[in-house]
Amino acid sequence: MSVAIKLVSCAKTFADGTRAVGPLDLEIPPGETIVFLGPSGCGKTTTLRLIAGLESPNPGGRVLFDEADVTEISIERRNVGMVFQSYALFPNMTVGGNVEYGLRVRKLPAAARAARVEEMLGMMKIGELRHRRVDQLSGGQKQRVALARALAPQPRVLLLDEPLTALDAKLRDALRVEIDALLRRLRMTAVYVTHDQAEAMALGDRIVVMSQGQVAQVGRPRDIYFAPQSRFVAEFVGTMNRLHGVVRNGHLEVMGGRVPWRGRGGGEVEVLFRPERAAIVEAGAGQVKGRVATSFFLGDRTRLLVEGVSSGTLVVETTDRRDWEPGQDVHLVIDPDALLTLDR
Amino acid sequence: MARRGRGFWAQLAFTVLVAAFLIVPVAMSITAGITANFFQGVKSGLTTRWIAEVWRLYRDTIFLSMTIALATLVVDLAIGVPAAYVLARWRGWLPRLVEEALVLPIAIPGLATALALILAYGTWREFRTSWVFILVGHVLFTLPFMVRAVLAVLSSIDLPTLEEGARSLGASFRQRFFGVVLPNVRAGILAGALMVVTLSIGEFNMTWMLHTPLTKTLPVGLADSYASMRLEIGSAYTVMFFFMIIPLLIGIQLAARPRKPATLRDEAA
């Protein structure tokens, strides 16, 4: 049932001359959930639309489902399921009617349609909403209906364009967990577009980080987080701290102290590290010293913005229960293995 | 209940006065149409004689007006709804220009439009003397109302995304136009349709120029009766016009009732 998707030098230039997607090559194995992640305007939605068949690539670009070239096949006949940020439910139909629509246009017999609608409503746990009008639904319910509708005709791939963006935070988390379980269970090839890196991490088997129409990095969420290949990826995914200093005698000397240096090179450098790789220690035990600029109590932890270690502000998190005041001294140990040297 | 201030009573009196100012002539007209002798007043007795007289003299104009109104509606639906769809889907300056140009027949006096039609096609005898000539004028005049009404609804729903959803589910253009687009603009079509029929039935300006003695519509007949018949007959004629037009006006109000807001248009990612 599930297909592999292959993009071969797919580029998209719009009528006004703007290049939305650069020529890009990508292979998505069958059954994988791949997430396109990037800031607004990075080309992730356009790439999804190329796969869907809502846009066609510039001449030379090809889209393949398994080994079949579908570049010239319109979306109507590509058999893809789509879920939109704005739900795109048909207001003139009930929930049941929406789910049934794809089966009706395929002219399935009534009994088969009814059985499939029943199955989909059951799967999305919205059986009791069957006769509701879509404007009587909450956002979360609408997106469940949209999923049921997209899956009813048994599409070859499922394409989701920011499906959770319009929902509030709590609902977003709940539905994300459900979509994740659904995709695992169906083992369907799925392409998921989002600008939310937490969503991407949680859902993706692999993440494609995009920037300015190009693929910045493709990898498992862990690879993307722990081993970003560029400064853009490092800073877009999660939080990154910058240390600016000079390497001298096996140490990186910064404004607030010095950290053991295991990297190559010397002279003036700028390195990055994740907040969780720095620990707050007692005075005297620290490698570097700074001052608390602001503290945010988050309940399970406290986030500190620390000045004076490097030219910028560092983000450090701690689970201790101390009451951090602005201006207070803070002593840090930074794991030397956590320091990343990345070119622009 | 709170005591009403002097302002309330002043406003109420003013409103009643204005309403009366507008309603009294209507009531007078109706009364005149069913009074045996208007100059003697209602005490001369009420009668349906004048209405029967109007029916005898002018019933052809009533049927012609209804025929033209329905034909106008059919043509406006066939042209206006697809036109609105194209205007809604098509981006850029050209569709906006077309939309504005479409409104010109409303802005230009009907007499001028009629004269232009006569200058251009007046020598084409069969056309000039048939009611279709009037139909053309009415379509020109009413089409923008249909297009605007449908376009307003089309722009309030996220049509491109709805259609993309339908396409992804395998729906052909025909299937989604009739299954998704039309049902969702039904309110606009209905409002436009009632508007078109009402305007067509009441249109005088242009029709007065376009008609021939054999193609008189109701309003043209009205003018004729006012000019040459006794006052009671003209008034009875008005009464019949009311009977035709008031249900339509009520229909427009019902169709144009505010609907629930459509799905919010989301910002593009």
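Compute the acute angle (0 to 90°) between the alpha-carbon long axis of helix A:95-105 and the principal axis of greatest extent of the alpha-carbon atoms of chain A; round to the nearest 10°.
So the inclination is approximately 60 degrees.
Check cross-link reach from B:LYS216 to the aspartates and glutamates: straight Cα distance under 18 Å, and skip same-chain residues fewer than eight apart.
B:GLU53, B:ASP60, B:GLU126, B:GLU203, B:ASP224
Report the label-to-label distance for B:SER44 and B:TYR121 in nanometres (one decimal), using points 7 Å from each Cα along the Cα→Cβ vector.
Distance between label points: 4.4 nm.
At a Förster distance of 41 Å, what's the computed FRET efficiency of A:ARG222 paired with B:VAL98, Cβ-Cβ distance as r, to 0.05?
That pair, A:ARG222 with B:VAL98, gives E of 0.15.
Taking H as built 1.01 Å from N, whose amide H comes closer than 5 Å to the amide H of A:LEU167, not counting residues under 5 places away?
Correct list: empty.
So what's the angle, to the nearest 10 degrees on a 0 to 90 scale, between helix A:110-123 and the longest Cα principal axis of chain A?
So the helix axis and the longest Cα principal axis differ by about 20 degrees.
With chain B treated as a Gaussian network of Cα nodes joined by springs under 10 Å, which of B:THR48, B:THR113, B:THR142 yields the largest mean-square fluctuation?
Residue with maximal mean-square fluctuation among B:THR48, B:THR113, B:THR142: B:THR48.
Taking only C-alpha pairs under 8 Å that are 6+ residues apart, what is the relative contact order of segment A:241-338 in percent?
Taking the mean separation of contacting Cα pairs over the length of segment A:241-338, I get 32 percent.
For A:LYS170 paired with B:TRP9, estimate the spin-label separation in nm (one decimal), with each label point 7 Å from Cα along the Cα-to-Cβ line.
Each label point is offset 7 Å from its Cα along the Cβ direction, giving 5.5 nm.
For segment A:241-338, take every pair of Cα atoms, bin their distances at 5 Å starting from 0, and report each bin as a whole percent.
Result, from short to long distances: 3, 14, 26, 27, 16, 9, 4, 2, 0 percent.
Hey, what did segment B:147-223 get for relative contact order, percent, Cα under 8 Å, at least 6 apart?
Answer for segment B:147-223 is 33 percent.
Return the FRET efficiency for the residue pair A:LYS125, A:ALA4: r is the Cβ-Cβ distance, R0 is 35 Å, and the value is rounded to the nearest 0.05.
0.70
Kindly rank B:216-223, A:295-302, A:172-179, B:167-174 from highest to lowest mean number of other beta carbons found within 10 Å of each residue.
B:216-223, B:167-174, A:172-179, A:295-302
At a Förster radius of 60 Å, what calculated FRET efficiency corresponds to the Cβ-Cβ distance of B:ILE246 and B:PHE173, to the nearest 0.05?
Calculated value: 0.90.
Please identify which residues in segment A:70-97 have an amide N closer than 16 Å to a label point set 7 Å out from the Cα of A:LYS107, following the Cα→Cβ vector.
A:77
Too long at a 20 Å Cα-Cα cut-off: which of A:LYS142/A:LYS170; A:LYS125/A:LYS170; A:LYS44/A:LYS142; A:LYS44/A:LYS125?
A:LYS44/A:LYS142; A:LYS44/A:LYS125
Setting aside same-chain residues fewer than 8 positions from A:LYS6, which aspartates and glutamates have a Cα under 12 Å from its Cα?
A:ASP25, A:GLU27, A:ASP66, A:GLU67, A:ASP69
Take every residue in peptide A:70-77, count the Cβ atoms of other chains within 10 Å of its Cβ, and give the average of those counts.
3
According to the Kirkwood expression over distinct Cα-Cα pairs, how big is the hydrodynamic radius of chain A, in Å?
The answer is 22.7 Å.
Which whole-Hz ³J(HN,Hα) couplings does segment A:169-176 yield from phi under the Karplus relation 6.51 cos²θ - 1.76 cosθ + 1.60, θ = phi - 60°, glycine and proline marked x?
Those phi angles translate into 3, 5, 5, 4, 5, 5, 5, 4 Hz.
Taking neighbour Cβ counts within 10 Å as the exposure measure, how do A:LYS170, A:LYS142, A:LYS44 sort from fewest upward?
A:LYS170, A:LYS142, A:LYS44
So how far apart, in nm, are the two label points at B:ALA52 and A:ALA283 if each is 7 Å from Cα heading toward Cβ?
Output for this residue pair reads 11.5 nm.
Counting DSSP beta bridges with both partners in chain A, what percentage is antiparallel, nearest 5?
Roughly 75 percent of the beta bridges in chain A run antiparallel, per DSSP.
Shielding by partners for A:85-95, please: the mean number of other protein chain Cβ atoms within 10 Å of each residue's Cβ.
6
What fraction, in whole percent, of alpha-carbon pairs in the protein assembly as shown exceed 35 Å separation?
61 percent
Can you tell me the order of A:206-218, B:233-245 when each peptide is scored by its average per-residue count of other Cβ atoms within 10 angstrom, highest first?
A:206-218, B:233-245
Post the alpha-carbon centroid distance, segment A:230-299 to segment A:90-106, in whole angstrom.
Cα centroid to Cα centroid, the span is 56 Å.
Could you sort B:24-30, A:68-74 so that the peptide with the highest average Cβ count within 10 Å comes first and the rest follow in order?
Highest mean packing first, the order is A:68-74, B:24-30.
For chain A, find the longest principal axis of its Cα atoms and tell me its angle to the long axis of helix A:139-151, 0 to 90°, nearest 10.
Orientation of helix A:139-151: about 60 degrees from the principal axis.
Take peptide A:131-137, look around each residue's Cβ out to 10 angstrom, count Cβ atoms belonging to other protein chains, and average those counts.
Per-residue shielding by partner chains comes out at 1.
Readers should treat all values here as calculations from the given coordinates under stated rules, not as data from a laboratory. Computed from a prediction, not measured in an experiment: that's the story for all the values here. All Cβ positions, even for glycine, are placed from backbone atoms using ideal geometry, and neighbour counts span all protein chains on display.
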